Every structure is written in C-alpha cells, then in structure tokens.
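These notes concern the structure reproduced below.
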C-alpha cells in the first residue's frame with residue numbers, strides 16, 4: 001500500500017478558522033420577526049438549511065421553501081423531461097406560497113436552480129413582491145436543467161452560475177460553489193481509506209469508477225458509496241450498464257448519508273474521487289468539500305487545472321476514458337491552502353458574492 005493504511009494525521013493546518021457560526025446563534029433573534037428574505041432551494045444533502053442558517057446569522061429573517069412541489073424521484077424526473085405533465089400541481093404549489101407570504105416585508109428573493117419554476121412563476125412572484133431584489137443561482141449546468149431555464153433567468157435582477165462555460169456563453173456572473181462549515185472542521189481520525197468515492201450514480205460515473213479501480217496499484221483501499229435515490233433508478237441504470245449487476249452490492253445505498261457520516265468518511269480518507277457530469281464544467285461540491293477538509297482530489301474535470309486552488313500535489317486531473325494516476329501523487333501529503341482562498345470557497349464567502 002502507498003502510505004500507511006492505519007496512519008493517524010493531525011487536523012490540517014490549512015483548515016479555516018472562524019468561518020462558521022455558533023449553533024443556535026441566530027435562533028432566538030428571529031422567533032418573532034417577519035420574513036424579509038424568501039429562499040427557494042431543494043434539500044440537496046442539507047445545503048438549503050445550511051444557507052438559511054448563515055443568512056439568519058447575518059441578521060436576515062428567512063422563509064425557506066423547496067424549489068419544487070415535491071422531491072421524490074418521479075417528480076424530479078417529470079420536471080426535467082415533461083414539466084407540462086405536472087404544471088398545474090407546480091403552479092398551485094407556488095401560488096400557495098405567494099398567498100402565505102403576501103404582505104411580508106420581503107427585500108430579497110433568492111432562488112437556487114429554480115428547477116420547478118416556470119417563467120410565469122417568476123412573474124407572479126415579482127408582482128407579489130415588487131420591492132424585492134430577485135437573485136438566481138445555478139448550481140447546475142444548462143445542459144442538465146429544464147429547457148426553459150434561460151427564459152427564467154432573464155426575469156431575475158442578478159443571475160450567477162457555478163459553470164464557467166455557461167457564464168461566458170450567456171453573460172452570467174461566474175461564482176463557484178462552496179463548502180459547508182463542517183468540512184472545515186473534520187475530526188482527527190485514523191486514515192484507513194486511501195481513496196473514497198461517494199455520490200449519486202448517473203451518466204458514466206460507474207464506468208469511470210471501474211476504469212479507475214483497474215488503473216490503481218495493488219494494495220490500496222478504495223471505498224465506494226454509490227447512491228441511487230430509488231431502487232427503480234438502479235434497475236434503469238443496470239439495464240443500461242449490466243456491469244452494475246456484478247458490482248459489490250455493499251457499495252450501493254438508497255437513502256442519502258447524513259453530513260456527519262460523510263464528514264467521518266472524509267476524516268478517514270486520504271484522497272477523494274470526483275467525477276463531474278460530462279455536460280458541466282463547474283467545480284463540484286465534492287471538490288471544494290474535499291479541499292476544505294484538507295483532502296487531496298482526483299478529478300475528471302479538466303477545468304480544475306485553471307482554478308486558483310489548483311496544485312498538482314493536491315489535485316490529479318485524469319482522463320475519464322483512460323485514467324492514469326501516478327504513485328507519486330498517491331503517496332504525497334496534502335499541501336495546505338491559504339486561509340484567504342479557503343474563505344472565498346466557504347459558504348460565508350459565497351454569500352458575500354451572491355447577496356452583496
């Protein structure tokens with residue numbers, strides 16, 4: 001094995017200090033206040049609640065709603081491939097929110113992705129809250145979102161995206177993603193996992209993981225956590241890629257792991273595997289979470305070479321079709337990032353730019 005499998009390492013000196021907010025810091029201050037900020041954001045592994053918590057720590061009173069009428073796999077699939085099939089249900093959902101929040105002193109409407117929105121939804125929200133600043137942030141690429149995403153974007157005051165190609169092509173504000181506080185506070189653990197992948201299985205991810213496994217030297221511990229939001233989605237992917245039928249079933253999960261479980265896995269790992277969707281160019285949450293935690297990254301995203309955080313000692317960019325990872329990279333330690341760079345990629349830094 002490259003490196004000692006039972007190695008225990010100290011907390012990274014690169015971890016940002018003072019980025020987070022104390023638990024419960026904002027709770028009492030907002031109990032009796034009226035909402036001044038509407039936040040529409042899907043659950044997405046707890047990030048909506050994390051954004052709300054940070055906004056409240058900045059003195060905002062936040063009303064949080066999902067950007068879709070439901071988050072089950074069928075609803076999400078229909079929104080993307082046949083939005084007209086559930087349009088009536090979706091519009092009723094947003095109309096109820098408008099009725100509920102009507103009369104509140106809303107100064108900002110922040111929408112993340114707007115997947116369940118239609119252009120009419122945005123128009124009705126603007127009419128209901130005429131004094132509010134409307135901000136839209138895309139943490140997905142146009143190629144992976146509903147076809148009317150550009151039409152919706154034109155109705156906002158500010159539109160930002162994590163994808164540099166979309167930003168350049170559509171003249172949007174480019175702003176990369178962030179990592180949550182918990183990833184900057186990874187506990188000290190015995191590092192018994194050499195390489196870790198955890199994420200939703202879609203596109204060619206499983207095939208890329210198979211190629212990476214075959215390219216690695218013997219003796220490495222490669223932990224895979226392959227998430228399917230529903231068992232029927234596993235069946236669909238297995239029909240397309242029969243290799244899934246022969247994979248280790250212990251690698252599959254059908255309920256997302258909690259953030260604390262993910263942080264514990266990161267603490268045990270030396271290197272994290274990142275495989276972006278072929279249609280996107282933006283840095284994934286996985287990349288930034290790993291760097292925030294002081295962990296090295298192997299990624300298929302060639303855009304990483306142009307990032308300000310790129311350091312070949314910390315990040316190996318590989319070809320998804322023919323991955324090659326050097327033994328030198330696998331064995332080398334993580335080199336800490338500057339505190340100012342870590343702040344920029346923290347949630348606090350992200351909010352500085354999204355809601356200036």
Filter result (modelled with pLDDT of 95 or more, closer than 17 Å to residue 354 by Cβ and assigned to a loop (DSSP other than H, G, I, E, B)) within the range 118-141: 132
Residue count for the range 62-76, restricted to those that are under 16 Å from residue 149 (Cα atoms) and modelled with pLDDT of 75 or more: 2
Residue within the range 178-193 that is free of Cβ contacts under 8 Å to residues at least 24 places away in the same chain and either surrounded by fewer than 18 Cβ atoms within 10 Å (Cβ to Cβ) or assigned to a strand (DSSP E or B) (or both) present: no
Residues satisfying the stated conditions in the range 103-117, i.e. in contact with a helix residue (DSSP H, G or I) (Cβ under 7 Å, 6 or more places away or on another chain) and modelled with pLDDT under 95: 114, 115, 116, 117
Single condition residue 340 does not satisfy, out of (1) surrounded by 14 or more Cβ atoms within 10 Å (Cβ to Cβ); (2) modelled with pLDDT of 95 or more: (1)
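Take the residues in the range 77-117 that are assigned to a helix (DSSP H, G or I) and touching a residue at least 60 places away in the same chain (Cβ under 8 Å); name whichever of them is nearest to residue 144 (Cα to Cα).
80
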Counted residues, the range 253-269 - those being more than 21 Å from residue 201 (Cβ to Cβ) and at pLDDT 90 or above: 4
Odd one out for residue 195 among (1) assigned by TED's automatic domain parsing to the domain that holds residue 322; (2) over 27 Å from residue 300 (Cα atoms); (3) in contact with a strand residue (DSSP E or B) (Cβ under 8 Å, 6 or more places away or on another chain): (2)
Subset of the range 134-157 (residues that are farther than 22 Å from residue 78 by Cα and in contact (Cβ under 8 Å) with a residue 60 or more places away in the chain): 135
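The values are calculated or read from the model by the stated rules, or taken from the named source; none is laboratory data. Please read these numbers as outputs of a predicted model, since none were measured by experiment. Positions of Cβ are generated from backbone atoms using ideal geometry, with glycine treated the same way; all protein chains shown enter the neighbour counts.
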